[in-house]
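Here the structure is laid out as structure tokens; the discussion comes afterwards.
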Ligand code: MF3
Ligand code: CO
Ligand code: CO
């Protein structure tokens with residue numbers, strides 16, 4: 001009998017080949033950044049009215065359902081390209097544009113970040129291996145707004161250290177979300193996440209942040225996942241919509257960017273995990289706008 005390892009292996013995730021860009025029917029509305037080069041040019045308040053919040057919830061639900069649909073296919077031997085195609089087809093079949101496809105030149109419909117990849121892994125033809133951990137990050141655009149979510153999944157049986165990293169990163173995400181209260185500065189979220197991550201001596205990534213989301217994919221509002229005070233002192237208001245999406249690591253937070261200009265992976269090749277919800281802050285709490293339709297899955301408080 002072989003005993004399941006307790007320690008996470010160092011990463012050896014290699015870049016595969018990226019398949020041609022998938023098609024989106026002309027009937028599906030494109031986000032404005034698809035019509036010009038460079039960054040988005042949207043200006044909208046981060047405080048949304050109820051009608052806009054409901055549209056973000058619809059886009060967010062499609063993103064979450066696409067993500068969990070793709071996740072059903074996760075097993076050894078399946079490529080991240082296949083997961084991309086499943087999520088792409090789900091979004092398109094539900095009238096949504098896969099927000100990442102063509103965003104600042106990004107070539108695929110979702111991000112797939114395996115093992116030591118912190119974020120922005122590009123789906124390719126590398127087959128998943130037994131023991132891998134993977135983040136799927138899906139953003140859907142419909143009726144003029146984006147909903148953005150991500151979650152961690154395991155490939156077959158994984159070691160204990162990876163399992164704990166995934167679970168505690170989920171808890172860090174929920175703690176950060178619960179800290180987002182009206183009247184507090186937005187930097188409270190990262191303070192709570194940092195305290196929790198330190199308890200386990202996890203690295204808490206600084207350079208990739210949460211963000212305002214809605215009419216814009218990334219509105220300009222920054223949500224740090226570490227204690228950035230006195231910076232990022234925007235006061236949280238009722239109706240504010242943004243993401244919370246911390247990345248925690250087993251070692252360093254230093255990273256390399258692959259020569260595809262997107263993918264960030266830890267310098268020490270230690271594993272890393274991330275979860276993400278789009279939330280709206282309410283007078284007396286918050287609502288998650290990226291819950292999947294199936295109540296038996298999803299990160300829930
Ligand atoms: N969905 C990611 C986020 O949470 C952004 C991905 S942008 C891409 O903000 F271009 F890399 F896809
Ligand atoms: Co995302
Ligand atoms: Co995001």
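We did not get these values from a lab; they are worked out from the coordinates using the rules stated. Please read all numbers here as calculations on a predicted model, not as lab measurements. All Cβ positions, even for glycine, are placed from backbone atoms using ideal geometry, and neighbour counts span all protein chains on display.
Observations
- The number of residues in the range 208-217 that are part of a loop (DSSP other than H, G, I, E, B), within 13 Å of ligand 2 (Cβ to nearest atom) and surrounded by 20 or more Cβ atoms within 10 Å (Cβ to Cβ) comes to 3.
- Residues within the range 85-102 that are within 21 Å of residue 17 (Cβ to Cβ) and either touching a helix residue (DSSP H, G or I) at 6+ places or on another chain (Cβ under 6 Å) or assigned to a strand (DSSP E or B) (or both), tallied: 4
- Selection count where residues are away from ligand 3 (no atom under 14 Å from the Cβ) and in a strand (DSSP E or B), scope the range 140-171: 4
- Residue count for the range 218-249, restricted to those that are part of a loop (DSSP other than H, G, I, E, B), within 16 Å of ligand 1 (Cβ to nearest atom) and on the phi < 0 side of the Ramachandran plot: 7
- Among the residues of the range 172-191, none is identified as farther than 21 Å from residue 209 by Cβ and within 15 Å of ligand 3 (Cβ to nearest atom).
- Test result for residue 270, buried (at least 22 other Cβ atoms within 10 Å of the Cβ) and under 20 Å from residue 117 (Cβ atoms): yes
- Scanning the range 39-81 for residues that are more than 15 Å from the chain's Cα centre (by Cα), assigned to a helix (DSSP H, G or I) and farther than 30 Å from residue 283 by Cβ gives 69, 80, 81.
- For the range 263-290, the set of residues classified as in a loop (DSSP other than H, G, I, E, B) and in contact with a strand residue (DSSP E or B) (Cβ under 8 Å, 6 or more places away or on another chain) consists of 263, 267, 270, 271, 275, 289, 290, listed by residue number.
- Residue 240 meets the conditions (1) surrounded by fewer than 20 Cβ atoms within 10 Å (Cβ to Cβ); (2) more than 21 Å from residue 71 (Cβ to Cβ); (3) away from ligand 2 (no atom under 14 Å from the Cβ) in every case but one. The failed one is (1).
- The condition of being surrounded by fewer than 16 Cβ atoms within 10 Å (Cβ to Cβ) and over 23 Å from residue 104 (Cα atoms) holds for residue 5.
- Among the residues of the range 254-268, those that are away from ligand 2 (no atom under 16 Å from the Cβ) and either closer than 23 Å to residue 104 by Cβ or in contact (Cβ under 8 Å) with a residue 60 or more places away in the chain (or both) comprise 255, 256, 257, 258, 259, 260, 261, 265, 266, 268.
- Selection status of residue 292, over 17 Å from the mean Cα position of the chain (by Cα), more than 16 Å from ligand 3 (Cβ to nearest atom) and in contact (Cβ under 8 Å) with a residue 60 or more places away in the chain: no
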